């Protein structure tokens, strides 16, 4: 089997070397919601850049456990080299506080020759005076454990490694200035080290595998650390770390060194050697590739299959849900909406389900997710999201419940699992009935036209959900175009399922509701002056003619509500106004509220979030609509994915960002790895695959671009 590698060459003196090292990020997850992440150069720039963020049981939630590791090498010639980097604070003379300035230190950058992903796992290669070695990071699946491995490739030896861990244990979402939980207690028994504090968080356990390992107690607070991305986002950006001391060990050509850090028990931590753990994880990742649809097993799509795995988790916090599911012979699964800061969101889960699970051959997990959400239905709604460390969901969403129908349909198309359909059909009927009668947040059908309206003061209920304090940026109260497209689709799907399971007579009322909604939609949503669809009708200020991507769902869903005669006009207008190389703008240029860039503090960012900012996931409905209008043009649709191939080498390497600026160079913003971005590109890669006997995957290398390039380049190389 070929192992595809995403490789970023790094050479001293390269003009963009510092940009590559500071602004591109790596991520490894553990299948529980925990992860490790950082910049390529090792400089922590976010509060989330840590070597171990553990997903702990119950209400503890995700916790920062191991922040950084300083690496000092003593070479065979006696010289020493420091690796990694930081931005540390400069102190004022008056009060010994950080001045607001920072000194950037990139250690060993001139010796870093390559960063690459092997089966989705990060590898750094160094060449120091002819001594070549590699560093790898691994998180064993479903363990709160990290392995940091060093392997000497050439140049003799031994190399003496000095590894100094640094910590600032805190809740995942807390700021870098969060109170330190010290004092710390360090316990050492036969090479096993435990670091604990006076909290209910489990201790951090260390074990060093290698030749002549030792530990020196040399603890204390390190100097202030500056987090540049936190500053740019308007958050606290000065923090500090504490170190218990340092490990030292010899690195030899025939003996790797691996530092293991974990919150797991010693029995779990030592059950596998580092080599066995690495082999097990590599085999697991090979199985993920082998299980995926044939069209996504090679090239960039193969990378996205591995990226998709990062979002599918077994949540460790919802203990009651786990007990209930296992009693029924199920397992609990959830979808992390994005890294670093999202939890699991209902809307994102349902939109992502097909790409993350069905395209990747993980239909069993799709079934777990759908059956789990049936238990969460309240007043005809599924949760919008589950807050960090909480057991109960938050329900303020008008579309997540309607996306649930779409996800069930995609699951049934892939599996024909009628047992699951019969089990959840009463819940689906409950959702329909609640929407017809009217439910929370002003969500309900208008009896005058059969269309679905929504809106409550102070709430953001559609996917365009930015809110700052009491300011709802895009309230869209009234009858939103995609909500009604989803409503019509849900009615038609339910009509079919009820007809199959209960007979045509039982399905007849659903058919009538669908016919009425469809007729009213086509009468009321068409904006004849612009030749496209209103975004909202019967809104607080009347009908809203803003040109937005939401209108595409009237064409792209399995049951399109829009009359076919109008499809081409809508797709043409969206292509002209909204299409970019990395998704669709959320608002057309020229609108008074249009914002070309997404940056600044929280208020500035949210003001632009859905007012022009490009969303990668929207390429999915656009391609669906394009193929409805041009059903034979798979090759043309495939070219629309090329910008994402370019992007795999930038921002979150090997994944796809949440959003991008609305204008060239379409700078990636927001989360560096977003579930629905990855899911929709992966789904569409399979959807646009050439027919058997065709040319095959033709976009494996970022060359010959059919549109203006994004500023990222990913080179894919194959090794036998």
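The values are calculated or read from the model by the stated rules, or taken from the named source; none is laboratory data. Computed from a predicted structure; not experimentally measured. Because the Cβ atoms are built from the backbone with ideal geometry, glycine has one as well, and the counts that use them run over all protein chains shown.
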*For region 563-585, what are the residues that are touching a strand residue (DSSP E or B) at 6+ places or on another chain (Cβ under 6 Å) and crowded, with 19+ Cβ neighbours inside 10 Å?*
570, 578, 580, 582, 583, 585
*Which one of 108, 120 is closer than 30 Å to residue 304 by Cβ, crowded, with 19+ Cβ neighbours inside 10 Å and in contact (Cβ under 8 Å) with a residue 24 or more places away in the chain?*
120
*Failed criterion for residue 420 (all others in (1) part of a helix (DSSP H, G or I); (2) touching a residue at least 60 places away in the same chain (Cβ under 8 Å); (3) surrounded by 17 or more Cβ atoms within 10 Å (Cβ to Cβ) hold)*: (2)
*asked:* Test of understanding: among 600, 643, which residue is farther than 21 Å from residue 354 by Cα and assigned to a loop (DSSP other than H, G, I, E, B)?
replied: 600
*Kindly indicate whether any position in region 230-246 is farther than 25 Å from residue 43 by Cα and either assigned to a strand (DSSP E or B) or touching a helix residue (DSSP H, G or I) at 6+ places or on another chain (Cβ under 6 Å) (or both).*
no
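Determine if region 145-157 includes at least one residue that is within 20 Å of residue 204 (Cα to Cα), in contact (Cβ under 8 Å) with a residue 40 or more places away in the chain and not in a strand (DSSP E or B).
no
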_Answer residue from region 363-396, given it is assigned to a strand (DSSP E or B) and in contact (Cβ under 8 Å) with a residue 12 or more places away in the chain and is surrounded by the fewest Cβ atoms within 10 Å (Cβ to Cβ) among those_ = 378
*Report, by residue number, each residue of region 467-489 that is crowded, with 20+ Cβ neighbours inside 10 Å and part of a loop (DSSP other than H, G, I, E, B).*
474, 475, 476, 477
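Anything in region 502-550 that is in a loop (DSSP other than H, G, I, E, B), more than 20 Å from residue 563 (Cβ to Cβ) and without any contact (Cβ under 8 Å) to a residue 40 or more places away in the chain? List them, or say none.
Going residue by residue through region 502-550, those that are in a loop (DSSP other than H, G, I, E, B) are 503, 525, 528-531, 534-535, 540-541, 545-548.
Filter once more, keeping what is more than 20 Å from residue 563 (Cβ to Cβ): 503, 540-541, 546.
Of everything in region 502-550, those that are in a loop (DSSP other than H, G, I, E, B), more than 20 Å from residue 563 (Cβ to Cβ) and without any contact (Cβ under 8 Å) to a residue 40 or more places away in the chain turn out to be 503, 541.
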*Given (1) under 31 Å from the mean Cα position of the chain (by Cα); (2) in contact (Cβ under 8 Å) with a residue 40 or more places away in the chain; (3) assigned by TED's automatic domain parsing to the domain that holds residue 158; (4) not in a loop (DSSP other than H, G, I, E, B), where does residue 276 come up short, assuming only one miss?*
(2)
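Listed here are the residues, each with its yes/no results for (1) part of a loop (DSSP other than H, G, I, E, B); (2) over 22 Å from residue 38 (Cα atoms); (3) touching a helix residue (DSSP H, G or I) at 6+ places or on another chain (Cβ under 7 Å); (4) at pLDDT below 95.
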residue	(1), (2), (3), (4)
587	yes, yes, no, no
592	yes, yes, no, no
617	no, yes, yes, no
622	no, yes, yes, no
625	no, yes, yes, no
650	yes, no, no, yes
664	yes, yes, no, no
679	no, yes, yes, no
690	yes, yes, yes, yes
*Filter pass, residue 271 being over 26 Å from residue 73 (Cα atoms), free of Cβ contacts under 8 Å to residues at least 24 places away in the same chain and outside the structural domain of residue 361 (by TED's automatic domain parsing)*: yes
*Scan of region 406-438 for residues that are over 18 Å from residue 501 (Cβ atoms) and in contact with a helix residue (DSSP H, G or I) (Cβ under 9 Å, 6 or more places away or on another chain), ordered by number*: 406, 407, 410, 414, 434, 435, 436
*Residue tally, condition surrounded by fewer than 19 Cβ atoms within 10 Å (Cβ to Cβ) and within 22 Å of residue 514 (Cα to Cα), over region 397-417*: 2
_Any chance residue 288 is under 17 Å from the mean Cα position of the chain (by Cα), under 19 Å from residue 140 (Cα atoms) and either without any contact (Cβ under 8 Å) to a residue 40 or more places away in the chain or part of a helix (DSSP H, G or I) (or both)_ = no
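A quick yes/no check of all residues on (1) part of a helix (DSSP H, G or I); (2) at pLDDT 95 or above:
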| position | (1), (2) |
| --- | --- |
| 398 | no, yes |
| 401 | yes, yes |
| 412 | yes, yes |
| 431 | yes, yes |
| 434 | yes, yes |
| 447 | no, yes |
| 457 | no, no |
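Out of region 329-345, which residues are in a loop (DSSP other than H, G, I, E, B), over 15 Å from residue 30 (Cβ atoms) and within 20 Å of the chain's Cα centre (by Cα)?
The answer is 332, 337, 341, 342, 343.
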*Keeping to region 181-214, report how many residues are more than 15 Å from residue 265 (Cβ to Cβ), within 34 Å of the chain's Cα centre (by Cα) and not in a strand (DSSP E or B).*
5
*Residues of region 299-328 being in a helix (DSSP H, G or I), in contact (Cβ under 8 Å) with a residue 24 or more places away in the chain and surrounded by fewer than 23 Cβ atoms within 10 Å (Cβ to Cβ), which ones?*
299, 306, 309, 319, 320, 321, 324, 325
*With 359, 258 as the choices, which residue is within 23 Å of the chain's Cα centre (by Cα) and surrounded by 15 or more Cβ atoms within 10 Å (Cβ to Cβ)?*
359
